[in-house]
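For reference, the structure discussed in these notes is given below.
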Amino acid sequence: MYDLIIIGAGPAGITAAVYAARKKMNFLVITRDIGGQAAWSGDVENYTGYQFVTGPELVSKFEEHMRKYRIDIKEGEAVVDLEKSGEIVKVKTNKSFYDSKAVIIASGKVSRDLGVPQEAHFKNRGLTYCATCDGPLFAGKDVAVIGGGNSALDAALQLIKIANKVYVINNTPRLGGDPVMKEKVEASPVVKIYNDSKVVAINGDKMVTGIRISKYGNEEDISVQGIFVEIGLIPNSSFAKIVERNQAQEIKINCRNETSVPGIFAAGDVTDVPEKQIIIAAGEGAKAALAAFKYISQQR
Ligand SMILES: Cc1cc2nc3c(=O)[nH]c(=O)nc-3n(C[C@H](O)[C@H](O)[C@H](O)COP(=O)(O)OP(=O)(O)OC[C@H]3O[C@@H](n4cnc5c(N)ncnc54)[C@H](O)[C@@H]3O)c2cc1C
């Protein structure tokens, strides 16, 4: 029986773990990976104290800090269900079962699928959802970034440095996202932007050879070897059916990170806190750990 189980080790979960360790709580971290989305980010220019750091560098600093404490971590394990039995929260994973007095859900978000035929077939055959992880595989090649928000801009900025040509396919009249990033993308001679356009098909046999886009009903084939899907994210909250979620499937929390179920807290991108940023997720993780500590102290 643990005092606390933290689900996820992105910025929210890692910060919660650091705070829980400093409160000397008996806790466990269960996570699919270390770093979460922060590890996919190319250039991070808005984490206070670092004028510039790459996502993977920041994550390795986070991990180093967390592992400074002797922490029990189940890495590569995914939570599939949560139940409350009396005062105990029962956590079911793809490998085991765990009991805890409190839980912090910090499971973040995952990339949304493009929703075109053959998408599953082309995954990892030229179609990817992570420019930081897979960008270097497309050095000197022509690639398409699908999307027009911050994730797409971040991917395009990374690919400009690697690829021969970067097509940005955006289904709205103009690019959204951070104005500074947008200016950099628009100014690049390597980039060609297609606004008001959507991908209707992926071309290729074994590997991606192109995309078919549609603009006002007119279709056009563009030859690319790589496709980076950056059309938003969905919360990893499907295992948390016992807590209240909003229409976007984000977990509803109050300012103390409490969910609708006593003893279950949530932090970071998986929650309905409006802004999704590393520094916000980290701060929310700290708050959630302190709230969980207070909750457990009152249970004793
Ligand atoms: C391409 C990209 C670029 C970005 N750039 C920036 C930037 O420059 N600056 C900025 O501030 N923010 C940036 N962000 C946003 C930032 O990365 C997120 O806001 C932040 O990572 C959220 O942290 P989190 O801990 O809440 O969730 P996540 O980072 O999503 O971490 C979730 C964790 O939960 C784990 N997990 C998920 N489901 C389960 C499960 N069922 N069981 C166990 N573990 C699970 C995951 O493995 C992961 O470890 C960017 C995001 C993307 C995608």
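Rule-based calculations on the coordinates, nothing more; no lab input. Here the structure is a predicted model, which is why all the values come from computation and not from measurement. Here the Cβ positions follow ideal geometry from the backbone for every residue, glycine too, while neighbour counts run over all protein chains shown.
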Problem set entry | Extension reserve of the Tyr50-His121 stretch, reckoned as 0.36 nm per residue once the Cα distance is removed | 21.6 nm
Problem set entry | Debye, to nearest 20: dipole size of the stretch 113-229, +1 on Lys, Arg Cβ, -1 on Asp, Glu Cβ | 160 debye
Exercise. For Asp33 and Asp272 in the same chain, what is the full-extension length gain: residue separation times 0.36 nm, less their Cα-Cα distance, in nm?
Worked result: 83.8 nm
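For Val180, Val224, Val53, what ranking results if the residue with the fewest other Cβ atoms within 10 Å of its Cβ goes first? Let's see the in-between values first.
Numbers: Val180 9, Val224 26, Val53 17.
Ordered by Cβ neighbours within 10 Å, fewest first: Val180, Val53, Val224.
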For this session: For an R0 of 22 angstrom, estimate the FRET efficiency from the Cβ-Cβ distance between Lys161 and Met207 and round to the nearest 0.05.
Result: 0.45
Problem set entry | Cα centre as origin, Lys/Arg/Asp/Glu Cβ charges: the chain dipole, Debye | 740 debye
For this session: Could I have the simple spin-label model distance between Lys84 and Asn218, label points 7 Å from Cα toward Cβ, reported in nm to one decimal?
Result: 5.8 nm
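Charges at C-beta only: +1 for Lys and Arg, -1 for Asp and Glu. How large is the resulting dipole of the stretch 1-106 about its Cα centre, in Debye rounded to 20?
On the way: 14 positive and 14 negative charges, 90 e Å.
The calculated dipole for the stretch 1-106 is roughly 420 debye.
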For this session: Have a look at Val229, Val270, Val80 and tell me which one the Gaussian network model of the chain (Cα, springs below 10 Å) gives the largest fluctuation.
Result: Val80
Exercise. Among the listed pairs Lys24/Lys101; Lys23/Lys101; Lys68/Lys252, which are separated by more than 20 Å between their Cα atoms?
Worked result: Lys68/Lys252
Exercise. With a sphere of radius 10 Å drawn around the Cβ of Phe52, what net charge do the other residues whose Cβ falls strictly inside it have (Lys, Arg +1; Asp, Glu -1)?
Worked result: -3
Exercise. So what's the angle, to the nearest 10 degrees on a 0 to 90 scale, between helix 11-22 and the longest Cα principal axis of the chain?
Worked result: 20 degrees
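In the chain, what % of DSSP beta bridges are antiparallel (nearest 5)?
Numbers: 31 of 65 bridges.
So the antiparallel bridges amount to about 50 percent of the total.
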For this session: Output the lone cysteines of the chain: those with no second cysteine's C-beta under 4.7 Å from their C-beta.
Result: Cys255
Problem set entry | Sorted by Cβ neighbour density within 10 Å, fewest at the top, the residues Phe293, Phe27 | Phe293, Phe27
Problem set entry | Packing-based exposure ordering (other Cβ within 10 Å, fewest first) of Phe122, Phe52 | Phe52, Phe122
Problem set entry | Signed unit charges on C-beta, dipole axis of the chain, positive-most listed residue Ile73, Thr128, Val44 | Ile73
